[in-house]
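The values are calculated or read from the model by the stated rules, or taken from the named source; none is laboratory data. Only a predicted model underlies this, so the values are computations on that prediction, with no experimental measurement involved. Cβ atoms come from the backbone with ideal geometry, glycine included; neighbour counts cover every protein chain shown. Quick note on the areas: whole protein, heavy atoms, side chains included, nothing else; ligands and nucleic acids left out. Shrake-Rupley method; radii C 1.70, N 1.55, O 1.52, S 1.80 Å.
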Amino acid sequence: MTSVIFGVRLNELRSVDQLRGVAIGFLDGDRVFRIFTPNPEILLHAREDPAYADLLRSADLALPDGTGVAIVQALRGRSVRRWPGVEIAAMLLRLAAERGETVAFVGGSPDVAERAAARWRALPGLKVVVAGAGVAVDEDGIARSMARPEDGEDETVEVIRSAAPTIVLVGLGAPKQERWIERHADAFPSVRIMIGVGGAFDMWAGSKRRAPRAFRALGLEWLWRLALEPRRLPRILRATVVFPVLALFDRAS
């Protein structure tokens, strides 16, 4: 099933098992598949930027994220499961470990991506290479200096090509991460899945605290974020009030 907001198609998967089946199909495919997780901020950006909307429409899988999207779907009489990028990425990493695959982390502030990768390397069978952050680790586990993607994009691409991952997690934040994926979708012969994961590296590294499970179950992650970062109030109001109103009356939806 699919729905549309601001002209952007959103897939509606109901369970982790269903998503896992789709991911396995992608990994067994013969090309790269792009996964995006449009949330209210991303969709509002798409509403104002036709080129970005076209980019989002090119996704092989676009899974809705954010309380604002859930509000809109509920008011339309539809129930929808929210798919935070950090949760999809965690599922992909576990799947990669089962299959003995390599995963590349792109982005993250210096040391954050490496700390996040170190956490996941504890999974037997999983190989993680860090590229385009403060530190890169090659296949022999040797750490070396690495530029940010925007400062050393060619070097980042070479690190990924050398590691030959099947999955690339891009944590540059929207819209940078989706645009990075668009530019490099055909640059890596080994890659089968590329996904934008927002702040996942920060959460895995412990730099940011994710909302407790009870808040997430009730769709109140925004309240947790507001308590930690009161300056986010304008963004939260835009996502939970402005976005639903615009989406409900948008003809392209």
query: Across segment 206-229, what is the number of residues that are touching a residue at least 60 places away in the same chain (Cβ under 8 Å) and exposed (fewer than 15 other Cβ atoms within 10 Å of the Cβ)?
result: 1
task: Might you let me know whether segment 137-160 holds any residue that is at pLDDT 95 or above, of a type in the set (Lys, Arg) and open to solvent by 30 Å² or more (accessible area, probe 1.4 Å)?
output: no
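Can you work out which of the residues in segment 187-208 that are outside any loop (DSSP other than H, G, I, E, B), farther than 17 Å from Val22 by Cβ and of a type in the set (A, V, I, L, M, F, W, C) is farthest from the chain's Cα centre (by Cα)?
This residue is Ala205.
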- request: From (1) more than 20 Å from Val168 (Cβ to Cβ); (2) open to solvent by 10 Å² or more (accessible area, probe 1.4 Å); (3) touching a Pro at 6+ places or on another chain (Cβ under 8 Å), pick out the condition that doesn't hold for Thr37.
  value: (1)
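In segment 1-32, how many are hydrophobic (A, V, I, L, M, F, W, C), open to solvent by less than 30 Å² (accessible area, probe 1.4 Å) and not in a loop (DSSP other than H, G, I, E, B)?
First, the residues of segment 1-32 that are hydrophobic (A, V, I, L, M, F, W, C): 1, 4-6, 8, 10, 13, 16, 19, 22-24, 26-27, 32.
This time we only want the ones that are open to solvent by less than 30 Å² (accessible area, probe 1.4 Å), so: 5-6, 8, 10, 13, 19, 23, 26-27, 32.
Of the ones still in play, those that are also not in a loop (DSSP other than H, G, I, E, B) are 5, 8, 10, 19, 23, 26-27.
Counting residues in segment 1-32 that are hydrophobic (A, V, I, L, M, F, W, C), open to solvent by less than 30 Å² (accessible area, probe 1.4 Å) and not in a loop (DSSP other than H, G, I, E, B) gives 7.
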field: Some residue of segment 60-73 being without any contact (Cβ under 8 Å) to a residue 60 or more places away in the chain and polar (S, T, N, Q)
entry: no
- prompt: Taking the condition touching a Leu at 6+ places or on another chain (Cβ under 9 Å) and within 23 Å of Phe215 (Cβ to Cβ), does Val80 pass?
  reply: yes
- prompt: Can you tell me which residue in segment 161-172 is most open to solvent (accessible area, probe 1.4 Å), limited to those that are in contact with a helix residue (DSSP H, G or I) (Cβ under 7 Å, 6 or more places away or on another chain) and not polar (S, T, N, Q)?
  reply: Leu172
field: Subset of segment 86-112 (residues that are among the small types (Gly, Ala, Ser), buried (at least 23 other Cβ atoms within 10 Å of the Cβ) and more than 14 Å from the chain's Cα centre (by Cα))
entry: Ala96
message: Quick check on my filter: what residues within segment 230-241 are loosely packed, with under 15 Cβ neighbours inside 10 Å and among the β-branched types (Val, Ile, Thr)?
response: Val241
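How many residues does segment 88-110 hold that are of a type in the set (D, E, K, R) and without any contact (Cβ under 8 Å) to a residue 40 or more places away in the chain?
Within segment 88-110, residues that are of a type in the set (D, E, K, R) and without any contact (Cβ under 8 Å) to a residue 40 or more places away in the chain number 2.
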Test: Pro165 is within 18 Å of Phe201 (Cα to Cα), at pLDDT 95 or above, part of a loop (DSSP other than H, G, I, E, B) and not basic (Lys, Arg): yes
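Tell me, which helices (runs of 4 or more DSSP H) wholly within segment 33-113 include 2 or more residues that are within 15 Å of Glu12 (Cα to Cα)?
Correct list: 67-75, 85-99.
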- prompt: How many residues are modelled with pLDDT of 95 or more and open to solvent by 20 Å² or more (accessible area, probe 1.4 Å) when one looks only at segment 188-204?
  reply: 4
- prompt: Taking Leu63 and the conditions (1) open to solvent by 40 Å² or more (accessible area, probe 1.4 Å); (2) at pLDDT 95 or above, which numbered condition does it fall short on, given that it satisfies the others?
  reply: (1)
statement: Residues in segment 242-251 that are aromatic (Phe, Trp, Tyr) and either surrounded by fewer than 13 Cβ atoms within 10 Å (Cβ to Cβ) or in contact with a Cys (Cβ under 9 Å, 6 or more places away or on another chain) (or both) total 1
- request: Could you please let me know if Ala51 is of a type outside the set (D, E, K, R), modelled with pLDDT of 95 or more, closer than 24 Å to Leu246 by Cα and surrounded by fewer than 19 Cβ atoms within 10 Å (Cβ to Cβ)?
  value: yes
